[in-house]
Amino acid sequence: MRVVGQRIRKKDAMQLVTGKPVYMDDVAPKDCLIVKILRSPHANALIEDINIATAMKVPGIEVIYTWKDVPNVRFAQAGQTYPEWSPYDRLILDQHVRFVGDAVAIVAGENEACVDRALKMIKVKYKVLPALLDYHESIDNEILVHPEDNWESLYPVGADNKRNICSHMEESHGDLEGTFADCDIVLERTYHVPAVNQAMMETFRTACYIDTYGRLVVLSSTQIVYHVRRILARALGIPQSKIRSLKPRIGGGFGAKQTVVTEIYPAFVTWHTKKPSKLIYSRYESQIAGSPRHEMDIRVKIGADKDGTLRAFDLYNLSNTGAYGDHGPTTAGLTGHKSMPLYTGNMEAFRHVFDVVYTNTLATGAYRGYGATQGIFALESLVNELADILHMDPVELRLKNVVREGMVMPAYFNEPAASCRLDECLVRAAEMIGWKDKYPCRDMGNGKVRSVGIAMAMQGSCISYVDVGSATISLNEDGSYRLAIAAADMGTGCDTILAQMAAECLEVSVDEIFVSGADTDSSPYDSGSYASSTTYITGQAVVKAATELKKRICTLAARMLECDVDDLEYDGHVAKDIKTGKSVTLQDIGFKAQCFNDLALQVTESHTSPVSPPPYMAGAVEIELDKETGHVEILDYAAVVDCGTVVNPNLATIQVEGGLGQGIGMTLFENIQYSDKGVLRNNSLMQYKIPTRRDVGTLRVEFKPSYEPTGPFGVKSIGEIVINTPAPALAQAIHNATGGYFRDLPITSEKIAMYCLEHENE
Amino acid sequence: MIVSIQLNGKKIVDDISPDMTLFKFVREHGCYSVKCGCETTNCGLCTVFFDGKPILSCAMLAARADGHRVETLEGLQKEAEEFGQFIADQGAEQCGFCNPGMIMNAIALFRENPEPTDDEIKRYLAGNLCRCSGYEGQLRGIHAFMEYKKQGGAACE
Ligand code: FES
Ligand code: FES
C-alpha cells in the first residue's frame, strides 16, 4: 500500500508545534460573558432557599440562574447513542444537590473578577441530609441518591433508583458450579480500582454564541458533536435544528470529553441572554466535578486444573457511579466482556454479574479502557497469582489458555476471533524484556530488587450494533478532495489516518485531501470518537465513500471521453481511453463536474458493524524496587500490540506509549481520596500526581499486525487497549520483588514500604 | 497600574490590575500559544521567557514584568518550527496542548546546554507535563533534533 502503513505527519502537526491559536479559548469570541458555577459544599442536601439579590448587584453581572429557572426535564450527560443506557437523572440545576461540587447556580458576567465576587454573595440555605459515601452500602440504603419520581431509565439495564441501583445485569455460559466443583483448584480474590482522572492537559470548556439565523452555536472541546446537539436540545427544550455543535482542536480527551460536562451551562446562558458566553473549568473543577473512571471492586474466581488448564471464570464487579449514572451500565459490562475472553482457550463456563450503584460522590464517566481496565487488572493479577500457586511460569500458563485466531469467544457475545496474534504478542513481549533470565527477580544487594511482570489485554473496535460512522468526500474543481467527518481528532490523529485511507482508495497523496469537521452543520452523522471506533467504523465509511466517488469520477471521465467505462485506465490523476489514447486529467473532471453536470462528485457513506473485533496486546515490565522507600523505578516496558493493520506506525506507537504512561500513573501514583464529609482531596495536579517524563522509564513498542477481515484495510483499534496492561504487570513485578500481593490501586511507595517493613524478617 | 513590558520585541504599555498574572497578560495581548493546565505551577504549559529565562507565567504577576523582556512562542517561530518538525516527525505532538510550553523549555535547554544527556533532558523538562505522548516520542524527537544540529543544521538562536 502506498499511503496506508506510512509514517505520515499529522496534518495539524506544524500548527500545533508552533503554538498557533487553534483551541477553543484561542478562537472563542472575544466578548464572551464569563460563566462560572456555584458548587455545593455538601455531599447531600436540599436547597431550602437561595438568594441572589445582592450578587446581582455586583457591577458587570449579567445573569444568575438557580434551580427555579431551568426546565424540569431530566437528561443524561453521557455521550451515547439514543436510547442511552445511562439513566436520565440530571437537571441543569437541581434543588437536590448530590455531591460536594454539584452545581447550585450559574453566574455569568462581564469578567472573571465580577463573577468571582458574585459567587461569594449568593446566599444559600441548605437542608443538609445524611450522605451515602460508601458504595458497599448503597443497595437498599435508606439514603436515596435519586428519590425523585421523574428519574428515568430508557433501557432495560436493571436500574432501580429507589434502591440506589443504576444497573444490575447477569450473563453466564456453561455449567459454572459443576466445572468449579470438578477443578483441582479454585482461587478467588477481590481487587479495587479508584475513580482516577483522565487529566487531559486542556480542561473541560465550551463557548457559545448566536449565529446569523438566531441559532445556538456550541463551540466545545468535545469528542461527540452530534450527541452534544441531541443532549442540549433535550435539556434546553429546543429543536435540534436550532443548535449547531462543533469542535476546534481538542487538548486531549481520553473519554472525559465523551460526556457533556460543561456544555449545558454556557448554552443555557447564551440561549437566554442571546450573548456569547464561555465556561472554562479550572483544574480544580475538572478534578472535583469532571467525569472520571468508575471506582470498582472486582471479585474474580478462576477454576483450574493442576496442569494449568483454566476452565471456569466468575467475575462480579460492584461499580460506584457516584451521584449520576453517566456511562454506569456500559462500563460495568466491559469489565467482564473485555477481560475473560482472553482465556477462551480452555474456557468451559463463565459468569459475569455486576451492580452499578449510586453514592454521594463525584459522578463518573468514560476513561480510556472504559471498565475493561478494571476487569483486566483483576483477572490478570489473579492469573499471575494462580501461576505462583501452580508453580508455573506466568507466560507458559497464558500460552496454554489464550484465545487464538479462529476460536469463538462465548464470553464476548460469541464473536469469532477472526484476527488474533495474541500468543505471538505474549512471546515477543517476554523476549523483549528478557523474561527467561529475569523472572521473577534479582536482588541487587543494595536494598534494591529488580523484577519483572507481565499481562495481556484486549478491547473492542466499536460498539457493535450501535455505532455509526460516516464520511463525505467531494472532488474540488482543481482536483483536490474534501473529506468531511464528525469523528473528533483529539490528538489521536484520526484526521490524518482517515485521509490516508481516502488517499489510498483514490490513488492520491494525503496532501491532496483536506479534512473538515467535526461540525453538525457540515459533517455527516457520526456517533463520535469513543469506544475505539474511529479507525474501524468511520474508516470503513471513508473507504466506501472513496470507492463510490472513484466510480463516479470514472463515469464522468468516460462521458467526457465518449468512451465505455470499461475502456478507461485511471491512475488517480489521469483517465485515459485505452482505445483512442485520449485522456482527461482529474482537474478537467473537477471542472466538468461544475458545468452542465448532474452526476454529483460528492459521496456520503455510513458504516456500522455487528461485530467489534478485539485488538490484543501483551505488556511486560522490568522495575527496580527500593525496599526501604518503596520507590518503584520503571526500567523498561515492552509492549507488543495486535491492532490489525497499522495505518500510521508513528501515531500508533504514540498511542501505545501515551496509554502506557497513563496506566503507569494510575498504578503507582494517581489516587482519589475523600474526607468523611465527602470532599475530594486530590483536587489539583499538586495532589493528583500524573507521571512526569522521569517516571515512565523506557517504553518500547512493537506490533504484530493481524488482518481483520471486517475492518478497512484490515484494521482494528488501538486507542484504549494500551492503558490496560500496566496495572497487572506492575502489580506482579512488585509482588516478585517484595512477596506481597497488592490488590488495591494505586500501589504507592508508602504501601510498598509499609509492606516491606512489616515483612522484614520473613 | 501602568506597566511597560517588552513582549516579543514590542514595547507594550498597559493599565493593568495589580493582581493580573503574566499568563493572563500575554494571552490578552494575543499570545495564544501560552496555555494553562493547572493553577498550581505543576504543568509547565504556561512557560514563557522572562529576560531570556524560562518561567511559569501563571505564577508571576504581570506587574513584576514591568520593565522586563517577555517572550512567547509567537516570538520564537523560527526556532519553534526548526525544533517542532522533529516532534512532528514522531507524531509526538498528539493533542499539542502541552507543546508550546515544552518547546519553549526545550529551546531554553539547548541554549544552555546544546548537547544534553538523556538524564539532563528529562531533568530539565520534568516540569513539562504531557498526558498524551508518554514522553518517549518527545525524547526521540529531541534526539533527532540533536543529531540534525550535530550534522550542521542552522544554529539555534
Ligand atoms: S499553568 Fe500549570 S504551571 Fe502554569
Ligand atoms: S500532546 Fe497532549 S498533553 Fe502533550
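Side notes on the structure shown:
- For segment B:38-61, the tally of residues that are within 6 Å of ligand 1 (Cβ to nearest atom), assigned to a strand (DSSP E or B) and surrounded by fewer than 17 Cβ atoms within 10 Å (Cβ to Cβ) stands at 0.
- Looking across A:R743, A:R700, A:R681, one residue alone is at pLDDT 95 or above and under 30 Å from A:V97 (Cβ atoms). It is A:R681.
- Flag if B:Q94 is away from ligand 1 (no atom under 16 Å from the Cβ) and either acidic (D, E) or facing another protein chain (nearest Cβ under 10 Å) (or both): yes
- Of all the residues in segment A:344-372, those that are surrounded by fewer than 24 Cβ atoms within 10 Å (Cβ to Cβ) and in a helix (DSSP H, G or I) number 3.
- Cβ pairs under 9 Å, 6+ apart, first in segment A:533-545 and within 15 Å of A:L475 (Cα to Cα) and outside any helix (DSSP H, G or I), second at pLDDT 95 or above and charged (D, E, K, R): none
- Residue count for segment A:641-669, restricted to those that are among the acidic types (D, E) and either assigned to a helix (DSSP H, G or I) or surrounded by fewer than 24 Cβ atoms within 10 Å (Cβ to Cβ) (or both): 1.
- Taken as a whole, segment A:452-465 holds at least one residue that is open to solvent by 40 Å² or more (accessible area, probe 1.4 Å) and either without any contact (Cβ under 8 Å) to a residue 60 or more places away in the chain or in a loop (DSSP other than H, G, I, E, B) (or both).
- Some residue of segment A:720-728 being within 17 Å of A:G630 (Cα to Cα) and surrounded by 24 or more Cβ atoms within 10 Å (Cβ to Cβ): yes
- The residues of segment A:484-500 include none that are surrounded by fewer than 24 Cβ atoms within 10 Å (Cβ to Cβ) and in contact with a Phe, Trp or Tyr (Cβ under 7 Å, 6 or more places away or on another chain).
- Restricting attention to segment A:386-404, the residues being in contact with a strand residue (DSSP E or B) (Cβ under 9 Å, 6 or more places away or on another chain) and either of a type in the set (V, I, T) or open to solvent by 10 Å² or more (accessible area, probe 1.4 Å) (or both) number 6.
- Residue under evaluation A:A78, criteria (1) of a type in the set (A, V, I, L, M, F, W, C); (2) crowded, with 22+ Cβ neighbours inside 10 Å; (3) more than 30 Å from the chain's Cα centre (by Cα), criterion not met: (3)
- Where A:I734 falls short, out of the listed (1) crowded, with 24+ Cβ neighbours inside 10 Å; (2) within 14 Å of chain B (Cβ to nearest Cβ); (3) more than 20 Å from the chain's Cα centre (by Cα): (2)
- Candidate set from segment B:106-123 (those that are touching a residue at least 24 places away in the same chain (Cβ under 8 Å) and either within 7 Å of chain A (Cβ to nearest Cβ) or crowded, with 20+ Cβ neighbours inside 10 Å (or both)); member that is nearest to B:L45 (Cα to Cα): B:A106
- Residues of segment A:704-719 classified as polar (S, T, N, Q) and surrounded by fewer than 24 Cβ atoms within 10 Å (Cβ to Cβ), total: 1
- Identification of strands (runs of 3 or more DSSP E) wholly contained in segment A:556-610 with 2 or more residues that are open to solvent by 20 Å² or more (accessible area, probe 1.4 Å) and polar (S, T, N, Q) yields A:583-585, A:602-607.
- Residues located in segment A:546-597, provided they are of a type in the set (D, E, K, R), without any contact (Cβ under 8 Å) to a residue 40 or more places away in the chain and closer than 17 Å to A:S474 by Cα: A:K551, A:D588, A:K592
The values are calculated or read from the model by the stated rules, or taken from the named source; none is laboratory data. Remember, it's a predicted structure, so these values are computed and weren't measured experimentally. All Cβ positions, glycine included, derive from the backbone under ideal geometry; neighbour counts span all protein chains shown. Calculation scope for accessible area: heavy atoms of the full protein, side chains included, ligands and nucleic acids excluded. Shrake-Rupley method; radii C 1.70, N 1.55, O 1.52, S 1.80 Å.
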